[in-house]
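Peer 1: Structure in structure tokens, see below.
The values are calculated or read from the model by the stated rules, or taken from the named source; none is laboratory data. In this text the structure is predicted, and so the values were computed from the model without any measurement. All Cβ positions, glycine included, derive from the backbone under ideal geometry; neighbour counts span all protein chains shown.
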Amino acid sequence: MFAYYLDLARRSLARDRALTALMIVAIAFGVGASMTTLTVLRTLSADPLPGKSHHVFYVQLDPRKAKGYTPGTEPPEQLTRADAEALLRAGHADRTTMMTGGNAAIEPARAGIEPFLADARWTTSEFFPMFGAPFAAGGSWAADDDARAARVAVISRALADKLFGAVDVVGKTIRVEGTPLRITGVLDDWRLSPHFYDLNTGVYGPGEQLFAPFSTSRELKLARGGTMDCWDEVPDPEAVGAPCTWIQFWVELGTTTTAADYQAFLTSYSQDQHGVGRFERPPNVRLRDIRDWLAFKEVVPSDVRLQTWISFGVLVVCLINTVGLLLTKFLHRAPEIGVRRALGASRRSIFAQLLIEAGAIGLAGGVVGLVLAWLGLWVVRNQPTDYADLAQLDLPMLLTTFVLAIFASLLAGLFPAWRGCQVSPALQLKVS
Amino acid sequence: MYPMHFVPILSALRRHRAATALIVLEISVTCAIVSNTVFLIQDRLSRIDHASGLAEDELVRVQLTGIGEKPQASALTAQDLAALRAIPGVRYAATANMVPFGNSSWNTDISPIPRDPDAINSAMYFGSQGLLEAMGAQLIAGRSFTPGEFVAYADVQAEKAHPPSVIITRGVAERLFAGKTPIGQPLYVWGKEPQTVVGVIERLARPNEAAGRASAAYAVVLPIDVPYTVAGNYLIRTDAPRAVEVLAQVSAALKRVDASRIILGRQSFAEVRKDYFKQDRALALLLTGVSISLLVVTALGIVGLASFWVQQRTRQIGVRRALGATRGDILLYFQVENFILATTGIVMGMVLGYAINLWLMHTYQVPRLPAMFLPVGAALLWLVGQIAVLGPALRATMIPPATASRTS
């Protein structure tokens, strides 16, 4: 029966070529637009650390002055250097890391390459295992290197290629702001998207090329980047005791400590600091895992969400359009339906037949819509945004396109098919 | 248009309730979306045109960083500035801690009274002597800085010197000194002592909009002479037609002073602006594409439905023609019918469009839809409807009167 209805659908669709094309284009356009924006939205809200995002937490404390305090307010988004270093020493978690963004001039040893500025991250050794950074050669520097402010660095594969034309360059040195650093490891291609661990230095950008111990960066006075908030004027805001927040602090929990334990630890730490007079406000701590942190920071650009809504508006218009066209088409075929009814076809089978015709349009619309979505994503990739190159159509989205197209066309076909199968056989036979 | 046309049209539409309702619904949703997208496009485009207050056509910006520590930063800066001023076509050159639309920003809270909890957040520009002249900012009251007012950044950091004066924008003057002249008034900008307001400039845009639309007009300029190592920017004002020519020479001039530095960027101000607003332009373009496509889809829907109705009414049209109706009458019939459908859709669309805007305002901080954008959407849909119906209607006028006498 299904094959017969498909054949009927094919004939009917072939009869009114212009109308059929119109419906296919309308569905395709709506589906293409929705799938383009949906793919971008999905890409941008993807989990940057699958499997681990519920075990890695961002730490916030409130070390500010009592002045201007209102209970229930959000603590600063970053830590002071003093607190970060204290928490790092305390451990109390599976892994801990403190960091700040930065940049540094690099002088290549190879002839013919001008000095250039590289984006950098000044951090601690557990950064790499905590965020699952893959090494192509070597590995992280040792915990001891953090303590000694050793002259060591980890570089990206791209930087290794640029400087040495090779990947395995462990043991070689790189000149950073005039100081040679020994390379302990080279990262394989690695890009966390969103760049969740520090959203102040770009959200969807390509990430850093150079990593060195935080302690080393301070000894060498390497430039820091990102956001810094101070609540008092001080000569050196980067000093240990400065009243400035500029450090990101992350912990990995789950094995030795639970999140609740760590939260309690942070509260007691704040109380101790309050006790010695460093913190003037009552303990106000936050411990958010990666997903919560991204949701709190609203990282998905509102333009992208706006575009998604607009494209679904477009899909609605295209669907209404298809409903209207299907309705006229099916009512136009009242005589034919009347004959089929008179020859014994049930309402049910007429309804099924018409719905199959609508579904066939949806399938064709899905194919064309896929092409349009592919084109749409090509346009997105050529946009001047830092997430442009992330927008790719993958298998789940490909399947979603067809499901959406067929579902949309069946939805659009419901009412016209219902109206179509209401045709009374006798009336139609009489008039024609 | 004769009122009597409406009666038969309405009764004909009543017989096609479902199809009529659908086309009206389609028009209304399209109208609602298009009024909003046209508004969003206009909103983005107006941002792109946001005035900076600078002599943009004449400006070139160079970003520079050293390698390692530069103990002679101030001396090097003086040499750089001399080298830049020596380039033919350069009128002024100065260091600047930031530039409008440059993104990276120094901000501070300012107020006429000390430790004011209600101080306003303002952008804080400073740079070497001649910064205001290099910017080409338009002074509307008071005076520019005198050479004696400039203090060295290092001395200010060490609290050995204090910037004595400040120049504010009209926006700051109106917000903090409403109704009185700001010249000579104290303003707390930097440090524990106030600066004296010596001048007011018409406008100076902030490097970014992070502080929100309400604070967009708040900027101050301090006479703090800052070396390039801290400022990061050289701002160069040229004779307008020679900006490109000067731009080509700045790298070589700076390299001659000290080659061990990295030039991170050199751009004409037009490029700085273009770079800053590229996402707005992209969104405006995208929304334009979506709006046009929506109108096309709706137009095709109208064409489809009208064609069907023309086909269905072939006999009636023949009868009307046989009874003396002219081709013009037939054409008018379909046009009026479309006008009624479009108008109904538009009225519903305006309500829906307004509702969508309220929701967008709530969710995405989009500004309120000005009433003028609803008629824009309406006019677009009337136009699209009339154009779309023209084809099928003209086909209807070709139906010969003889059709009436033929049996179908």
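Peer 1: State whether the residues of the range B:311-324 include one that is facing chain A (nearest Cβ under 8 Å) and modelled with pLDDT under 85.
Peer 2: Taking every residue of the range B:311-324 in turn, at least one turns out to be facing chain A (nearest Cβ under 8 Å) and modelled with pLDDT under 85.
Peer 1: I've got another one for you. Got a number for residues in the range A:117-145 being buried (at least 21 other Cβ atoms within 10 Å of the Cβ), outside any strand (DSSP E or B) and of a type in the set (A, V, I, L, M)?
Peer 2: Result for the range A:117-145: 1.
Peer 1: Please work out which one of (1) of a type outside the set (G, A, S); (2) within 14 Å of chain A (Cβ to nearest Cβ); (3) at negative phi; (4) out of contact with any Ser or Thr (no Cβ under 6 Å at 6 or more places or on another chain) is the condition B:P375 fails and give its number.
Peer 2: B:P375 satisfies all of (1) of a type outside the set (G, A, S); (2) within 14 Å of chain A (Cβ to nearest Cβ); (3) at negative phi; (4) out of contact with any Ser or Thr (no Cβ under 6 Å at 6 or more places or on another chain) except (2).
Peer 1: Right, another one. Could you please find all residues in the range B:107-125 being more than 27 Å from the chain's Cα centre (by Cα), under 17 Å from A:E233 (Cβ atoms) and β-branched (V, I, T)?
Peer 2: The one that is more than 27 Å from the chain's Cα centre (by Cα), under 17 Å from A:E233 (Cβ atoms) and β-branched (V, I, T): B:I110.
Peer 1: Can you tell me which residue among A:V316, A:V323 is surrounded by fewer than 20 Cβ atoms within 10 Å (Cβ to Cβ), within 14 Å of chain B (Cβ to nearest Cβ), within 30 Å of A:F2 (Cβ to Cβ) and within 41 Å of the chain's Cα centre (by Cα)?
Peer 2: A:V316
Peer 1: Output the residues belonging to the range A:214-257 that are more than 17 Å from B:Q157 (Cα to Cα), among the β-branched types (V, I, T) and within 11 Å of another protein chain (Cβ to nearest Cβ).
Peer 2: A:T227
Peer 1: Among the residues of the range A:345-353, is there at least one that is among the β-branched types (V, I, T) and either at pLDDT 90 or above or farther than 23 Å from B:L22 by Cβ (or both)?
Peer 2: no
Peer 1: Next up: Of all residues in the range B:33-75, how many are under 15 Å from B:T95 (Cβ atoms) and either of a type in the set (S, T, Y) or touching a strand residue (DSSP E or B) at 6+ places or on another chain (Cβ under 7 Å) (or both)?
Peer 2: Residues in the range B:33-75 being under 15 Å from B:T95 (Cβ atoms) and either of a type in the set (S, T, Y) or touching a strand residue (DSSP E or B) at 6+ places or on another chain (Cβ under 7 Å) (or both): 9 in total.
Peer 1: Give B:L383, B:L352, B:L358, B:L374 a once-over and let me know the one that is under 17 Å from B:I33 (Cβ atoms), in the same structural domain as B:I27 (by TED's automatic domain parsing) and touching a Gly at 6+ places or on another chain (Cβ under 7 Å).
Peer 2: Details: B:L383 fails: touching a Gly at 6+ places or on another chain (Cβ under 7 Å); B:L352 fails: touching a Gly at 6+ places or on another chain (Cβ under 7 Å); B:L358 fails: touching a Gly at 6+ places or on another chain (Cβ under 7 Å).
The match here is B:L374.
Peer 1: Mind listing whichever residues of the range A:341-360 are assigned to a helix (DSSP H, G or I) and of a type in the set (G, A, S)?
Peer 2: Hits for the range A:341-360 are A:A342, A:S349, A:A352, A:A358, A:G359, A:A360.
Peer 1: I'd like to check which helices (runs of 4 or more DSSP H) are fully inside the range B:1-108 and have at least 3 residues that are touching a helix residue (DSSP H, G or I) at 6+ places or on another chain (Cβ under 8 Å), in the same structural domain as B:F334 (by TED's automatic domain parsing) and surrounded by fewer than 21 Cβ atoms within 10 Å (Cβ to Cβ).
Peer 2: Those helices (runs of 4 or more DSSP H) span B:6-14, B:17-48.
Peer 1: From A:L398, A:L370, grab the single residue that is out of contact with any strand residue (DSSP E or B) (no Cβ under 6 Å at 6 or more places or on another chain), part of a helix (DSSP H, G or I) and surrounded by fewer than 19 Cβ atoms within 10 Å (Cβ to Cβ).
Peer 2: Answer to the selection: A:L398.
Peer 1: Oh, and also: Out of curiosity, is A:L363 in a helix (DSSP H, G or I) and either within 13 Å of chain B (Cβ to nearest Cβ) or free of Cβ contacts under 8 Å to residues at least 12 places away in the same chain (or both)?
Peer 2: On the way: in a helix (DSSP H, G or I): yes; either within 13 Å of chain B (Cβ to nearest Cβ) or free of Cβ contacts under 8 Å to residues at least 12 places away in the same chain (or both): no.
So A:L363 fails the test.
Peer 1: Please specify each residue of the range B:101-146 satisfying the condition of being polar (S, T, N, Q) and either in contact with a Cys (Cβ under 6 Å, 6 or more places away or on another chain) or more than 21 Å from B:A73 (Cβ to Cβ) (or both).
Peer 2: The answer is B:N103, B:S105, B:N107, B:T108, B:S111, B:N121, B:S122, B:Q138, B:S144, B:T146.
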